[in-house]
Structures are given as structure tokens and as C-alpha cells.
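A short write-up of the structure that comes next.
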Amino acid sequence: MSQETYEQELINLPMVVDVPYRFAAGKYMSRFLLELRDNGRFFGTRCPSCKRVMIPPRVVCARCHVKSTEWVELGNEGTLAAFTIMYIPLTDPTTGKPHNPPFAYGSVKLDGCDAPVDHFLNIEPDMNKIRVGMRFRAVLRPREERRGDLSDILYFDPI
Ligand SMILES: [Zn+2]
């Protein structure tokens with residue numbers, strides 16, 4: 001049998017991979033998460049060259065390749081820059097549990113920040129009821145339940 005005409009059955013091997021892991025968040029991300037957990041505040045960093053404010057904070061601006069040293073406090077309100085309606089489950093990486101569809105997911109640019117936060121939108125998942133430019137506010141876990149990870153942001157509520 002020649003290589004060109006040989007059709008081989010492809011076998012699927014079902015498996016479940018469970019890979020729990022931890023990693024050091026680093027100095028900048030740790031400060032971001034600590035402010036969020038302990039004070040409910042968002043902080044980003046500003047690039048000294050292009051002046052972009054980035055969240056989560058970046059040590060080095062990806063465009064300018066210079067170190068960011070200025071910390072900028074941001075509010076918890078912002079503008080929707082993009083969104084989608086999810087029709088498949090999305091697994092929360094901090095819990096391993098799926099978020100059941102349909103639901104709205106969007107990119108919210110906090111006021112004064114140049115990078116969006118991608119998160120769940122607490123709004124009816126209807127394309128006709130959501131639009132770019134809508135205002136949203138971050139809702140955090142109650143203080144005593146915060147864990148110091150991104151799940152401390154529960155979702156964004158429309159204002
Ligand atoms: Zn820059």
C-alpha cells in the first residue's frame with residue numbers, strides 16, 4: 001500500500017489531566033493583588049515614555065521597553081471596549097469550575113487606564129442590550145472573602 005493511498009484510522013485517547021500549580025506573582029502583580037484584596041483598590045503602572053497606564057501593572061512597557069516605576073490608583077468604573085456572549089462553558093482557572101452559558105464577557109477599560117480588564121459582565125446576555133461604550137463598575141468579593149487572586153473581582157455591573 002503506497003503512502004498516498006493509505007488511510008489510517010485515527011485513535012482518540014480520552015484522558016483527564018489535572019495539573020494544579022502555583023507560581024510567584026512577582027513584585028508588581030503582588031502589589032496589585034494585595035491592594036485589591038486588602039483595600040479594594042485598583043492600581044496600574046504608567047510607562048514613563050509613552051504614558052500608557054497598564055493594568056495589571058507591568059514592570060516593563062511592552063512598546064517602549066522601559067521600566068515602569070509610577071503607580072497610578074484607578075477607580076472601579078470604566079467603559080466597555082468589547083464584549084461577547086459566551087455559549088460554551090468557560091472554566092474558571094482559580095476553581096476549575098465551569099461558568100455556565102450563556103453569559104456576557106467583556107473588556108472594560110477602567111477610567112484613566114489604557115488596558116482593559118477582561119471579565120464577566122453581570123448583565124442579561126442579549127446582544128441587543130449591550131453595547132460598546134456602556135459604563136460598568138467592578139464588583140469585588142466581600143472583604144473577608146477575598147483571596148488575593150483575580151477571582152476577587154466577581155464581575156462588572158452596568159452603571
Ligand atoms: Zn511605553
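Small (Gly, Ala, Ser), crowded, with 17+ Cβ neighbours inside 10 Å and under 13 Å from the mean Cα position of the chain (by Cα): is that true of residue 107 in this structure? Yes; evaluated as a whole, the condition is true for this residue.
Would you call residue 88 assigned to a loop (DSSP other than H, G, I, E, B), β-branched (Val, Ile, Thr) and exposed (fewer than 11 other Cβ atoms within 10 Å of the Cβ)? When the stated conditions are applied, residue 88 passes them. Under the condition of being within 16 Å of the ligand (Cβ to nearest atom), without any contact (Cβ under 8 Å) to a residue 60 or more places away in the chain, surrounded by 15 or more Cβ atoms within 10 Å (Cβ to Cβ) and farther than 13 Å from residue 149 by Cα, the residues counted in region 29-60 number 5.
Within region 101-138, being without any contact (Cβ under 8 Å) to a residue 40 or more places away in the chain and assigned to a strand (DSSP E or B) holds for 103, 104, 105, 107, 109, 118, 119, 120. Among the residues of region 15-28, which ones are away from the ligand (no atom under 16 Å from the Cβ) and at pLDDT 90 or above? The answer is 24, 25, 26, 27. If you take the residues of region 37-62 that are among the small types (Gly, Ala, Ser) and modelled with pLDDT of 95 or more, which of them is nearest to the chain's Cα centre (by Cα)? Top of the filtered list is 44.
Within region 61-70, restricting attention to residues that are more than 6 Å from the ligand (Cβ to nearest atom) and not in a strand (DSSP E or B), the residue that is surrounded by the most Cβ atoms within 10 Å (Cβ to Cβ) is 68.
The values are calculated or read from the model by the stated rules, or taken from the named source; none is laboratory data. All of these numbers come straight from a predicted model, not from anything done at the bench. Here Cβ is always computed from backbone atoms with ideal geometry, including for glycine, and neighbour counts include all displayed protein chains.
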